[in-house]
There are 2 protein chains.
Amino acid sequence: MAEPNEDEEARRHREKMEKRKAVQDAEVASKTITRKGLLMVHTGAGKGKSTAAFGLVLRALGHGWKVGVVQFGKGQWRSGERDMLEKLGNVSWHTLGEGFTWETQDRARDEAAARRAWDKALELMDDPEIRLLALDELNIALRYEHLPLAEVLAALTGRRDDLNVVVTGRNAKPELIACADLVTEMTLVKHHFAAGVKAQEGIEF
Amino acid sequence: MAEPNEDEEARRHREKMEKRKAVQDAEVASKTITRKGLLMVHTGAGKGKSTAAFGLVLRALGHGWKVGVVQFGKGQWRSGERDMLEKLGNVSWHTLGEGFTWETQDRARDEAAARRAWDKALELMDDPEIRLLALDELNIALRYEHLPLAEVLAALTGRRDDLNVVVTGRNAKPELIACADLVTEMTLVKHHFAAGVKAQEGIEF
């Protein structure tokens, strides 16, 4: 037979959990807007910004949505991963970046590449079938002022109500964060580079 | 013709970028350990912890790896997404959690579920074909002490050298962080729940 103090502990645990569940249920019930395309931002110096965006692409494809992807950087993802996502559904994928500016060392070329990528993004935003648009590394193009921030913000905030957009890249502009519905900062707590371990194939590229 | 001060600006830009590239190239060259399975942790109160882990699964499948997934929570991911990942490759997927303790309000049941999930994780760690193992929401089970921390850490740190593991869930134990190669904290900067917007199908579940 259970000792009385064990019963007491189980009762207290149950009461605490019931209280927590009530708080959470009330919070969920208070949300009244049932659908609105979100503007999401993944920023910070940590890992996972693009990886989580591609996880969202996977989830959206799982819902049978059409998805657009524009990469403003060269894209660390090999064509293999792109092929896999395209195999799963309707993905319109465009890798239009020329690489980061410290690789190319040519500002005019960087600006032209960013413009091409942004024009493609605008085109995809006009496609009413697309329900999720991933703008990978757009934050980098904005940070280096390869695109006019005001123009980008006007298009993003004026988007269709059912279009979800996820923007990735470190150093997100504060003005973009102000317009966004959901902003996550990926913070690097610890990195194996510090221990002399190279970037890992299969994990980082 | 370009004005002299524009030439000067372009030259300064190029020099700055060349310097940055040299620093980065030197940093990459300093990494000497070429392969070692990583222990990765995605923690923090922000979004994207599990989503980024499933993005890693996608990437690993793109490399033709066999992947194991154990969900210690109920898993917000619908079976549709699981089916999609399984379509892409060799995934051994196990959703063994019973839901969070504030849902079940039964500690003995939570502990039994965590044990079942952990036993499956150990089994998958023994499969030499598996190169990536995702332990989704393991941090929650450790936080509520549904599993003995010392046992889990011993198994994770004693894993095969070529096995990558990613552990997700908020409130990662400091002892786990100490053992990990790569730790990312997903920090919530801004959330649409605060504006009364409900969880979005296709994005959050």
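For every residue, the table says whether it meets (1) surrounded by 13 or more Cβ atoms within 10 Å (Cβ to Cβ); (2) among the acidic types (Asp, Glu); (3) closer than 19 Å to residue B:42 by Cα; (4) within 20 Å of the chain's Cα centre (by Cα).
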residue	(1), (2), (3), (4)
B:88	yes, no, no, yes
B:111	yes, yes, no, no
B:115	yes, no, no, no
B:123	yes, yes, no, yes
B:157	no, no, yes, yes
B:161	no, yes, no, yes
B:165	yes, no, yes, yes
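Of all positions in region A:21-36, at least one carries a residue that is within 29 Å of residue A:158 (Cβ to Cβ) and either modelled with pLDDT of 75 or more or aromatic (Phe, Trp, Tyr) (or both). Could you grab the pairs with beta carbons closer than 6 Å, sequence gap of 6+ or different chains, first residue in region B:85-104 and modelled with pLDDT of 85 or more, second one part of a loop (DSSP other than H, G, I, E, B)? Here the result reads B:95/B:75, each pair linking region B:85-104 to a residue that is part of a loop (DSSP other than H, G, I, E, B).
Applying the criterion of being modelled with pLDDT of 95 or more and assigned to a loop (DSSP other than H, G, I, E, B) to the residues of region B:172-186, the residue that is nearest to the chain's Cα centre (by Cα) is B:172.
Pairing residues of region B:45-58 that are more than 7 Å from every other protein chain (Cβ to nearest Cβ) and crowded, with 24+ Cβ neighbours inside 10 Å with residues that are part of a loop (DSSP other than H, G, I, E, B) and at pLDDT 90 or above, at Cβ distances under 7 Å and at least 6 apart in sequence or on separate chains, gives B:49/B:169.
The values are calculated or read from the model by the stated rules, or taken from the named source; none is laboratory data. All of these numbers come straight from a predicted model, not from anything done at the bench. All Cβ positions, even for glycine, are placed from backbone atoms using ideal geometry, and neighbour counts span all protein chains on display.
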